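Single-structure report; data block below.
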Amino acid sequence: MPHPSANDITSGPLPKISHGRGVYLWDTEGRRYIDGSGGPAVFSIGHGDPRVNAAVAAQMERVAYGYRYLFTSDPLEEMTEIIVRATGLAGMVFTTSGSEAVESAVKIALQYHYDRGDPRRVRFIARERSWHGNTLMATALSGFEERQRAFAGALPMVGRVSAANAYRLPEGVSRDGLVAHLAAELEAEIERLGPETVAGFLFEPVVGAAGGALPAPEGYAAAMAEVCRRHGVLVIADEVMCGSGRTGVWRASAEDGIAADIVTVAKSLSGGYLPLGAAVYSREIAEVMAAGHGGPLTGHTYTGHTACLAAGVAVQKIVAEEGLLARIRDKGPRWQADLRARLAHLPEVGDVRGRGYFIGVELVQNPKTREPFAAALGVNARIRAEGLRQGLICYPSGGHVDGVAGDTVILAPPFNTTDAELDEIAGKLVVTLERVLADLPRSRIQP
């Protein structure tokens, strides 16, 4: 039986998937799981929707893929229109993963500066406790030590600033002073690298795998964007995990009051039916690249894959027709409050946070000092395993505090999850955490 990859926190052999319908999945042994995290925040309308399957089958019957240098297609034009309307941006490069979308965003930023006669701008700044993907540059941009360590010697140099974490404030910084502190830090890092060399600043509006659905504090994005604008640095919003509607708005950074120059999307875009992502950019960038080289120089063999786009169009039409973003805006805050109340009896639950249907729970050894559990305890691995035993799929992760220690759990259910299903997810998470925490060596837990 296959085992998970080395960077997977599951320790044992994996169950074999049989089928899925709606929010539920079944393995070949007949066990049923409720998908509380949409896998890795991917499945935006659940599993096995016949409307999406039919759209993909119909496209495959006509033609699977029209190569982008030879043909346009209805799905390509429809998805382009959907994204332009949803983001207010002008151009895009389609990909088949979030990592490729981030890599494409980097190349778009570099080409933009080159085409406007500023080729010295080749450096990027990103944050600690972030995850931007598995390609080499995307991994370099990430602030996730555990996933970078094996490749560190080959990673390109990236400027680094602190995470925007109101639960874990920098020493000597108050909650009210956090945004100003972080903006000053970004300014200092731009100056250290040389403003004339910096191409872009990349951030996740709500940090996913590396932060446990950690939203930026109010005013953060606007303050960082203002610093970038003054220095001619592009603002790149990585919304691969938090975007395409997961927070209740299509463009997650819109809630932060900014219009980024480049936005990356994937995951919820096609809901896991077929791989699809995009790097979306502003009209100014589009016009500069068009004048310089006729358009973006980045792309892949499967850029604009017709069947993948057909899946994405079908998913996005369902999201729009069923008013699912409005549902998230209505239900999300109430569900988060319900989760917080249900977990209140567990002192090890340090924080419950997030936006919309993208909610994180941070676990701590000491609720007063917020000291994390020792990484050797493997708390996040225990949660994954116990969740599966309880029939719950969730998304635990480690290293949130210092790259090694720090345990979080993400819930990111499909947008059309019913009230009863949300209640079931919450109930199973409570039982899972109760059992994991009860089984930890008591001498390692501080009151």
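A few remarks follow.
- Think of the stretch 342-447 as a dipole: +1 on every Lys or Arg Cβ, -1 on every Asp or Glu Cβ, centred on the Cα centre; then among Leu343, Gly403, Thr417, Gly403 lies furthest on the positive end.
- Residues Tyr167, Tyr220, Tyr24, arranged from fewest to most other Cβ atoms within 10 angstrom of their Cβ, appear as Tyr167, Tyr24, Tyr220.
- The stretch 284-424, relative contact order [Cα under 8 Å, separation at least 6], %: 18 percent
- With both labels modelled 7 Å from their Cα along Cα-to-Cβ, the Tyr67 to Glu371 distance reads 6.2 nm.
- Averaging 1/r across all pairs of distinct Cα atoms in the stretch 1-136 and inverting the result yields a Kirkwood radius of 19.3 Å.
- In the stretch 51-321, the DSSP beta bridges split such that about 45 percent are antiparallel, to the nearest 5.
- Using the Cβ of Arg192 as centre and a radius below 13 Å, the other residues enclosed give a net charge of -3, where K and R count +1 and D and E count -1.
- Residues whose amide H lies under 5 Å from that of Ser142, counting only those 5 or more places away or on a different chain, are His132; hydrogens are built 1.01 Å from N in the peptide plane.
- When His231, His19, His47 are arranged by Cβ crowding within 10 Å, least crowded first, meaning fewest neighbours, the order is His19, His231, His47.
- The stretch 173-221 versus the stretch 78-141: alpha-carbon centroid distance in Å: 18 Å
- Computed over the stretch 51-321, Kirkwood Rh from alpha-carbon pairs, angstrom: 18.9 Å
- According to the Kirkwood relation over distinct C-alpha pairs, the hydrodynamic radius of the stretch 355-418 is 12.6 Å.
- Percentage relative contact order, the stretch 349-447, counting C-alpha pairs under 8 Å, at least six apart: 30 percent
- Mean separation of Cα contacts under 8 Å, 6 or more apart, over the residue count of the stretch 146-254: relative contact order %: 25 percent
- The string of couplings for the stretch 139-151 from the Karplus curve (6.51, -1.76, 1.60, θ = phi - 60°) is 5, 4, 5, 6, x, 9, 4, 4, 8, 9, 3, 5, 10 Hz, one whole number per residue in order, with x for Gly and Pro.
- Checked against a 25 Å cut-off, the cross-linked pairs Lys331/Lys428; Lys267/Lys317; Lys16/Lys428; Lys317/Lys428; Lys16/Lys267; Lys107/Lys267 give Cα-Cα distances beyond that limit for Lys317/Lys428.
Values in this text are rule-based calculations from the coordinates and carry no lab data. The structure presented is a predicted model; accordingly, all values stated were derived computationally and were not measured. No Cβ is skipped: glycine too gets one built from the backbone with ideal geometry, and neighbour counts run over all protein chains shown.
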